[in-house]
Amino acid sequence: MTKRKKMILGNWKMYKQQQNALHDFCAIQDGVLSSSTEIRVGVAAPYIHLSALSQRRKDNFMLLAQNVHWEHEGPFTGEISPSMLKDLQVSGSLIGHSERRSLFGESNSSTGKRLRGAIMCGLEAILCVGETLQERESGKLTETLREQLTTAFKESHLAACDFMGSHPDTPLLTIAYEPVWAIGTGKSATPLQAQEAHNAIRLLLHEFFSQSVASKIGVLYGGSVKSNNIKEFLSCEDIDGALVGGASLDPVEFLKLISNAAR
Ligand code: PGA
């Protein structure tokens, strides 16, 4: 069985002014690197802070954007390109977060284009998927996940080998399963509900990719993860880590979450 490295990512959303972002980023990074944990840790920060944070970033700590456009450059007011992120030595980007989908009209199809832009530029792509409460209650969990993943992969026009990038054990693709009803609500999925969805995603990955590629792609859980519930999620067979919103804003809580994840 392939052993995937655990990954814990913070999503800072539209929070923190620059001084606070710099302070908290350094506190988290120093805490993580001094603990010499095996877990891959990073933070997805607002665009406007990426340049300053990148100058402080050390090897083995990930700095991510929260979104990325698909073109290298062009008349796209308000957008940021994959090559601009690469130029700042940003590690990668979240793609298709449910807030982008529900509040800013992003579709499965544009998610696929963003995926292509990021991967072709050598950026790590954290592709976010997840069902609404209505979809779950009407028995459409697997169907929704299949639609989100199939369309994104199809629209990306990428070959399986593209997703592997240049590192044999670290694919450029990670999936984040975030049930929409659990994001920012304090109502996380139960570990059983999360495991069920993660297992469905893992089976889908094995349909799209060869065994050797699929088995290396990590699937993170997101939605009201805290220091006091991270262990339960990580004890599930198909959960490889977490995408953490609210609990990543306070460095003390986030470091506690990471240290609990390491145990
Ligand atoms: P939350 O957010 O941990 O605050 O629920 C997760 C996310 O939106 O990625």
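The values are calculated or read from the model by the stated rules, or taken from the named source; none is laboratory data. Predicted model, so just to flag it, every value in this text is computed and none were measured. Don't worry about glycine lacking a Cβ; one is built from the backbone with ideal geometry, like all the others, and counts go over all protein chains shown. Each accessible area value is taken on the protein alone, full model and side chains, heavy atoms only, with ligands, DNA and RNA left out. Shrake-Rupley method; radii C 1.70, N 1.55, O 1.52, S 1.80 Å.
Region 76-143 and region 174-199 have their alpha-carbon centroids 17 Å apart. Per residue, region 7-262 exposes 44 Å² of accessible surface when a 1.4 Å probe is rolled over the protein heavy atoms with every protein chain present.
Positive-end ranking of HIS72, GLY31, ALA261 along the dipole of region 7-262, with charges on Cβ about the Cα centre, is headed by GLY31.
Note the full-extension length gain between ASP250 and ASP59 as 0.36 nm times their separation in residues minus their Cα-Cα distance, in nm to one decimal. List each step's numbers first, then the result.
On the way: separation 191, 0.36 × 191 = 68.76 nm, distance 2.22 nm.
Residue separation times 0.36 nm, minus the Cα-Cα distance, leaves 66.5 nm.
Backbone N atoms of region 8-25 closer than 14 Å to the 7 Å Cα→Cβ label point of PHE104 belong to residues 12-15. Result for the chain in a Gaussian network model with C-alpha springs under 10 Å: among LEU243, LEU149, LEU88, the largest mean-square fluctuation is at LEU88. Note on the chain: with a GNM built from Cα contacts shorter than 10 Å, the maximum mean-square fluctuation among ALA27, ALA159, ALA182 falls on ALA159. Stretched out straight at 0.36 nm per residue, the stretch from GLU79 to ASP162 would grow longer than its current Cα-Cα span by 27.5 nm. Counting only residues at least eight positions apart within a chain, or on another chain, the lysines with an alpha carbon under 28 Å from that of LYS226 are LYS3, LYS5, LYS6, LYS13, LYS16, LYS58, LYS140, LYS187, LYS216, LYS256.
This model, with +1 at the C-beta of Lys and Arg and -1 at the C-beta of Asp and Glu, gives region 137-211 a dipole about its Cα centre of some 100 debye.
Determine the share of region 7-262's accessible area contributed by carbon and sulfur atoms, expressed in whole percent, with a 1.4 angstrom probe.
Of all accessible area on region 7-262, carbon and sulfur atoms account for 52 percent.
Per-residue ellipticity at 222 nm computed for the chain from its helices equals -12500 deg cm²/dmol, with DSSP H segments shorter than 4 residues left out and the rest contributing -39,500 (n - 2.57). Taking every protein chain into account, the 1.4 Å probe leaves GLU237 with about 130 Å² of accessible area, to the nearest ten.
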